[in-house]
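Input: a single structure, listed below in structure tokens.
The values are calculated or read from the model by the stated rules, or taken from the named source; none is laboratory data. These numbers were taken from a predicted model, which means no experiment stands behind them. Cβ placement follows ideal geometry from the backbone for every residue including glycine, while neighbour counts extend to all protein chains displayed. In case anyone asks, the SASA skips ligands and DNA or RNA and just uses the protein heavy atoms, side chains included. Shrake-Rupley method; radii C 1.70, N 1.55, O 1.52, S 1.80 Å.
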Amino acid sequence: MSDYGFDFLATYGFLIVSMLLGAMLGLSLYLPLMAGQLSLASPGFYALGGYIAAILSTKVFPSTGATFSIPLLLLEMVIAGAVSGALGVLVGVPALRLRGIYLAIATIAFVEILRVLALNLEITGGAVGIFGIPQPFQTPLGYLWIVVPLLLLSMFFVYRLENIRIGRALIAIREDELAADAMGINPTYYKVLAFTLGAILAGVVGAVSAHFINTWNARQGTFDASIIYLTFVLIGGSRTVAGPVLGGMVFTALPEVLRAIADTPNLPLWLASFLRDGRLIIFGLLIVIGTIFFPQGLVTPDLFKRRDRTKKMMPTGVRK
């Protein structure tokens, strides 16, 4: 690799890892959407996973060397996923009896409850949070050894899930819950399952993120984060695995792009300020525009079907 390549990775290593983490958070929201459930609870489970890792690494598994033990990090990820999954079942059973906007409001309330608890509990550090979370790697790029395999496994799992009986049941519930119920599919069971899988993934990502960010507080799980994650899926695509992955990566990088544009010389002060601080306004506008003109997002199943049909229509020599 050239010196330019190394300089690029060194400069944007933090952003690259953040984009991959954003892609997995998009998948955590995509899982309940497979069953047609607009759940905004992912930031709550993400914050919970981060607090679990932060508390374990600073109080239970204190680091004695220069870097934190990677096996302990993997153990924290397992614990965070298990606790998030258990809480997902407890929350999902009553909450998923609601539909549409009522479910969205209920999950937002769940996120706010966790945020208020984090602000007032001593073990979470209150409003200040937990600082000095030990690092398992010397540089941000080191986290790629954890994040890249985790993302690939998550994508493969969700892709396979869509193509087996469980996935087909989730899609049937999304398209017509009453018809699915009449066919012998238990909507409550499958909706809770999808919700719990999303909670587990968000909790695991939170555990990794706590070490990556090096500090953790109640700002990590807020209503603002719910809107951002929703943008990942609605604009990226809510009907295929590639949609939330692409959306999570692009919209994680978007604030940095906006800040770079804001630093352009001779830009009006009001516009530069809006580009730096108006992220949520821009995301909200994108959601409105996207749902009007791209109701299934930018990446849709038809996009891949058209590509396959085009390949089949090409002569063999051209395809090669």
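Keeping all protein chains in place, calculate the accessible area per residue for the range 101-219 (probe 1.4 angstrom), answer in Å².
Details: 5980 Å² over 119 residues.
Dividing the accessible area of the range 101-219 by its residue count gives 50 Å².
Assuming R0 = 25 Å, can you tell me the calculated FRET efficiency for the pair Leu178 and Leu280, based on Cβ-Cβ distance, to the nearest 0.05? Please list the in-between numbers first.
Values: r = 36 Å, r/R0 = 1.45.
Step by step, r from the Cβ atoms, then E = 0.10.
Quickly estimate the mean residue ellipticity at 222 nm for the chain, helices only: each DSSP H run with n ≥ 4 gives -39500 (n - 2.57), and the total goes over all residues, rounded to 500.
On the way: 14 runs with 231 residues, N = 320.
Counting only the DSSP helices, I get -24000 deg cm²/dmol.
So what are the three principal axis dimensions of the range 139-202 from its Cα atoms, in whole Å, longest to shortest?
54, 20, 14
Kindly state, to the nearest 0.05, the FRET efficiency for Leu271 paired with Thr215, given R0 = 35 Å and r defined as their beta-carbon distance.
Values: r = 31 Å, r/R0 = 0.90.
Using R0 = 35 Å, I get an efficiency of 0.65.
Report the extension gain between Asn120 and Ala253 in nm, rounded to one decimal, defined as 0.36 nm multiplied by the number of residues separating them, less their alpha carbon distance. Before the final figure, lay out the partial values.
Values: separation 133, 0.36 × 133 = 47.88 nm, distance 3.21 nm.
Extra length available between Asn120 and Ala253 comes to 44.7 nm.
Measuring from label point to label point, each 7 Å out along Cα→Cβ, what is the Thr11 to Thr139 span in nm?
Each label point lies 7 Å from its Cα, and together they span 1.4 nm.
Tell me the label only: which of (1) 20.9, 93; (2) 20.6, 68; (3) 21.6, 74 is Rg and Dmax of the Cα atoms in Å as calculated from this structure?
Read-out taken from this structure: (2).
Could you point to the residue in Pro255, Ser28, Ala225 farthest towards the positive end of the chain's charge dipole, with +1 and -1 charges on the Cβ of Lys/Arg and Asp/Glu respectively?
Highest projection toward the positive end goes to Ser28.
Can you name the helices of the chain, as whole DSSP H runs, whose Cα span along the helix axis is 24 Å or more and whose Kyte-Doolittle mean is not below -1.0? Each step should come with its number before you reach the end.
Values: long enough: 3-33 (43 Å, 1.36); 70-95 (37 Å, 2.03); 100-120 (31 Å, 1.80); 144-162 (26 Å, 1.83); 187-213 (38 Å, 1.37); 242-262 (30 Å, 1.30).
Membrane-span-like by this criterion, though nothing is claimed about a membrane: 3-33, 70-95, 100-120, 144-162, 187-213, 242-262.
Points 7 angstrom from Cα along the Cβ direction at Thr67 and Ile171: gap in nanometres?
4.2
Over the range 27-184, with a single point scatterer placed on each C-alpha, what log10 of the ratio I(q)/I(0) does the Debye formula yield at q = 0.10, 0.13, 0.15 1/Å?
-0.48, -0.76, -0.96
Answer rounded, prolate or oblate for the range 126-173, using the Cα gyration tensor with square roots of eigenvalues a ≥ b ≥ c: rounded when a/c is under 1.5, else prolate when a/b is larger than b/c, else oblate. Don't skip to the end; give the middle numbers.
Details: a/c = 6.40, a/b = 1.99, b/c = 3.22.
Oblate is the answer for the range 126-173, as a/c is 1.5 or above yet b/c matches or exceeds a/b.
Near the amide H of Gly278, under 5 Å away, which other amide H atoms are found, from residues 5 or more places off or on another chain, if H is placed in the peptide plane?
none
Roughly to the nearest percent, how much of the accessible area of the chain is carbon and sulfur, given a 1.4 Å probe?
Values: 11110 of 16330 Å².
The value for the chain is 68 percent carbon and sulfur by accessible area.
Can you give me the distance in nm between label points at Ile261 and Tyr159, each placed 7 Å from the Cα along the Cα-to-Cβ direction?
That separation, rounded to one decimal, is 3.2 nm.
So what's the net charge close to Ala169: Lys and Arg +1, Asp and Glu -1, counting the other residues with Cβ under 13 Å from its Cβ?
Values: positive: Arg165, Arg168, Arg174, Lys191; negative: Glu162, Glu175, Asp176, Glu177, Asp181.
Summing Lys/Arg as +1 and Asp/Glu as -1 gives -1.
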